Amino acid sequence: MKKKILFIINPISGKGKKTNVRRDIEKYINPYIFDVSIKETEYAGHASILTRQAVEEGFDIVVAVGGDGTVNEVARSVVHTPTAIAIVPCGSGNGLARHLQIPMNTKGAVEVINQNTVHCLDYGKIDGHPFFCTCGAGFDAFISEKFASSGKRGLKTYVENVLREGFRYKPKIYTIEDEENHVSEKAFLIACANASQYGNNAYIAPHASMKDGLLDIIIMKPFNPVLAPQIAVQMFNKTLPKNSHIKTFKSRKIHIKRSEPGPIHCDGDPLTAEKDFYVELIPHSFNVIVNPKAKGRNRSLMQLISEDILEKWQAGNKNLRRQSRRIQISSIRFFRKIRRF
């Protein structure tokens, strides 16, 4: 008996039209295994409505064809149901797809779906809102808020926001409690990771697992801006936990306290929470089509390049440090000029 599968295409995710995506889905999906339906979203939140309808109609798989927002909408609508989520990544970050080692091209992603390998994975909640990769408070939540109002998507816009806002952001004091830990720290950011990365292969928690029943909690303490390039490199080559400004531990549920309400983020989407809020993990609660061939994570060209840069940095390459400092000073001057207009 064929399995019922629904592809939900977000036509405005990422860049370019999705005509070729639809064509490739129809070309590469195995018609002997799947009875295929394809629908497009028409507005924000539509993917959740379509997914809930599919669950009620007994679909075996719902495929999110889009970016992290589309994936989150579909995933939160299949938790605690027999219906599995699959992903054809078409966004700018593709955090969950990259963690699961889903190919970034439609043909490869559909071939993974044809293998029909389903695992039951963990997901999390921050202040009651489901997340599947990461959530948190501090600088990344602050930037998510700015990014959402930028009007443009993509890595370039995100980096522009980081450069423009990074120098003016003031770290805050957080208290983090669970059954074993009580930490009070002035922090640049607090990240809670179910999966290993934010997206674009930026690994905030390279050792995170979606099967271990635990969140990886990352506390990034304030640092001198001259160290920002080093931290960025370490995120791409998976060595961030070795940084002296990083403190990590694992937990099932934590209580975060701060002095005032403010922004948080949930898989990159900005939200506002009170000064006290909880983050918790719900183990083995949603079914996912995974890549059965995913084993060791091959190092990308970006990671190989970043490793070389980091080696030079750690060897005390003064010229690299001077160049980084000049770039930072130029950035500050540039954005000061922008603010004058």
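The values are calculated or read from the model by the stated rules, or taken from the named source; none is laboratory data. Keep in mind it's a predicted model, so treat the numbers as computed, not measured. Note that we place each Cβ from the backbone using ideal geometry, even for glycine, and neighbour counts take in every protein chain shown.
Being part of a loop (DSSP other than H, G, I, E, B) and touching a strand residue (DSSP E or B) at 6+ places or on another chain (Cβ under 6 Å) is the filter here, so list the residues in the range 95-107 that pass it.
If the condition is that a residue be part of a loop (DSSP other than H, G, I, E, B) and touching a strand residue (DSSP E or B) at 6+ places or on another chain (Cβ under 6 Å), then Ile102, Met104 are the ones that fit.
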**Item:** Which listed residue is free of Cβ contacts under 8 Å to residues at least 60 places away in the same chain, outside the structural domain of Ile102 (by TED's automatic domain parsing), of a type outside the set (Lys, Arg) and touching a Cys at 6+ places or on another chain (Cβ under 9 Å), from Ala202, Ala191
**Value:** Ala191
**Condition met for Ile29 (aliphatic (A, V, I, L, M), more than 22 Å from the chain's Cα centre (by Cα), farther than 25 Å from Gly199 by Cβ and surrounded by 15 or more Cβ atoms within 10 Å (Cβ to Cβ))** = yes
**Asked** Counting only residues that are within 18 Å of the chain's Cα centre (by Cα) and surrounded by fewer than 19 Cβ atoms within 10 Å (Cβ to Cβ), which one in the range 273-290 is farthest from Gln115 (Cα to Cα)?
**Response** Glu280
**Asked** Would you call Ala47 under 29 Å from Pro283 (Cα atoms), part of a helix (DSSP H, G or I), modelled with pLDDT of 95 or more and in contact with a Phe, Trp or Tyr (Cβ under 6 Å, 6 or more places away or on another chain)?
**Response** no
**Request:** Give just the number: which of (1) free of Cβ contacts under 8 Å to residues at least 12 places away in the same chain; (2) buried (at least 16 other Cβ atoms within 10 Å of the Cβ) does Asn105 not satisfy?
**Result:** (2)
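Among the residues of the range 221-272, which ones are part of a loop (DSSP other than H, G, I, E, B) and aromatic (Phe, Trp, Tyr)?
Answer for the range 221-272, where residues must be part of a loop (DSSP other than H, G, I, E, B) and aromatic (Phe, Trp, Tyr): just Phe223.
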**Item:** Unmet requirement for Asn114, which otherwise passes all of (1) at pLDDT below 95; (2) over 23 Å from Ala228 (Cα atoms)
**Value:** (1)
**Request:** Consider Glu57 carefully, then state whether it is crowded, with 17+ Cβ neighbours inside 10 Å and at pLDDT 95 or above.
**Result:** no
**Asked** Got at least one residue in the range 70-85 being modelled with pLDDT under 95 and surrounded by fewer than 24 Cβ atoms within 10 Å (Cβ to Cβ)?
**Response** no
**Search result, residues across the range 196-220 that are more than 17 Å from Phe249 (Cβ to Cβ) and either over 11 Å from the mean Cα position of the chain (by Cα) or in a loop (DSSP other than H, G, I, E, B) (or both)** = Asn200, Asn201, Met210, Lys211
